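Colleague: To start, I am sharing the structure in question, which I have written as structure tokens.
None of the figures in this text is laboratory data; all of them are computed from the coordinates on show. Model, not experiment: these values are computed from the prediction. All Cβ positions, even for glycine, are placed from backbone atoms using ideal geometry, and neighbour counts span all protein chains on display.
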Amino acid sequence: LEFRRVLFRSANRGGKSTMLRSLGQAQLMLQAGMPVNAESFEAEVRSGVFTHFRREEDPTLESGKLDEELRRMRRITDALRPGGLVLLNESFGSTNEREGAAIAAGMIRPLLDAGVRVAYVTHMYELAGGLAREEAARGVYLRAERTADGGRTFLVVPGDPLPTSFGDDVYRR
């Protein structure tokens, strides 16, 4: 999979976070010269691999969740170099969608311009849809496949972002 930016956006419990972890593990295995447990995997050696996954709120209550996310992201961007890879899982979802999407897009574009590869898992349609409309050539958009009756195949396939995360499926269950 060749990409500058991969954006996974899809249903709850559709396999996005698992796919992102698998991508990171495969990249690290490749960089260590180990065989990757996959039918096929091609990637370049990266100057660094960084992750920004959601964490629980600060138990000391010294700061809010968004503050914590921004501090961690700052540490990552300070360490990133051209050719790096950053994996983001629901980053900046701790605020409302409009603000979270603006923060994320404002972070993604400069990273890409600096030669960093970005893989981002999100429920934020404003982010995914906006980037797909504005910068389709700089990204690959993937989503969890659903059957016609709403069932999940647990396959991640190329596709334009959808304006739903199918949260009503979870609610009905």
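Colleague: Under 10 Å, Cα contacts only: if you run a Gaussian network model on the chain, which one of VAL116, VAL45, VAL140 comes out with the highest mean-square fluctuation?
Modeller: The residue with the greatest mean-square fluctuation here is VAL45.
Colleague: Would you calculate, for the chain, the mean residue ellipticity at 222 nm contributed by helices, counting each DSSP H stretch of 4 or more residues as -39,500 (n - 2.57) and dividing by all residues, to the nearest 500?
Modeller: -11500 deg cm²/dmol
Colleague: Something else about it: Could you pull out the longest piece of the chain with no exposed loop GluC sites (Glu not before Pro) in it, calling a site exposed if DSSP puts it outside H, G, I, E, B and it has at most 11 other Cβ atoms within 10 Å?
Modeller: 63-173
Colleague: Could you run the Karplus curve 6.51 cos²θ - 1.76 cosθ + 1.60 with θ = phi - 60° over segment 151-156 and give me ³J(HN,Hα) per residue in whole Hz, x for Gly and Pro?
Modeller: x, 9, 9, 6, 9, 9
Colleague: Further, regarding this structure: Compute the orientation-averaged projected area for segment 95-173 from the convex hull of its Cα atoms and round it to one decimal in nm².
Modeller: Numbers: hull surface 24.5 nm².
For segment 95-173, averaging the hull's shadow over all directions gives 6.1 nm².
Colleague: Taking every DSSP beta bridge with both residues inside the chain, roughly what % is antiparallel (nearest 5)?
Modeller: Here the antiparallel bridges make up roughly 20 percent for the chain.
Colleague: Let me ask something else about it. Residue by residue through segment 18-26, which ³J(HN,Hα) values in whole Hz follow from phi under the Karplus form 6.51 cos²θ - 1.76 cosθ + 1.60 (θ = phi - 60°), with glycine and proline marked x?
Modeller: Rounded to whole hertz, the list is 4, 4, 5, 4, 4, 4, x, 5, 5.
Colleague: Can you pull out the trypsin sites (Lys or Arg not before Pro) in segment 27-133 whose DSSP state is coil and whose Cβ has at most 12 other Cβ atoms within 10 Å? The partial results should precede the final answer.
Modeller: Numbers: sites: ARG46, ARG54, ARG55, LYS65, ARG71, ARG72, ARG74, ARG75, ARG98, ARG117, ARG133; in loops: ARG46, ARG54, ARG55.
When the trypsin sites (Lys or Arg not before Pro) of segment 27-133 are filtered for loop state and at most 12 Cβ neighbours within 10 Å, ARG55 remain.
Colleague: How big is the chain by the Kirkwood estimate over distinct Cα pairs, in Å?
Modeller: 16.8 Å
Colleague: Here's something else I'd like to know. Nothing charged except the Cβ atoms of Lys and Arg (+1) and of Asp and Glu (-1): what's the magnitude of the dipole of the chain about its Cα centre? Round to the nearest 20 debye.
Modeller: Rounded to the nearest 20 debye, it is 180 debye.
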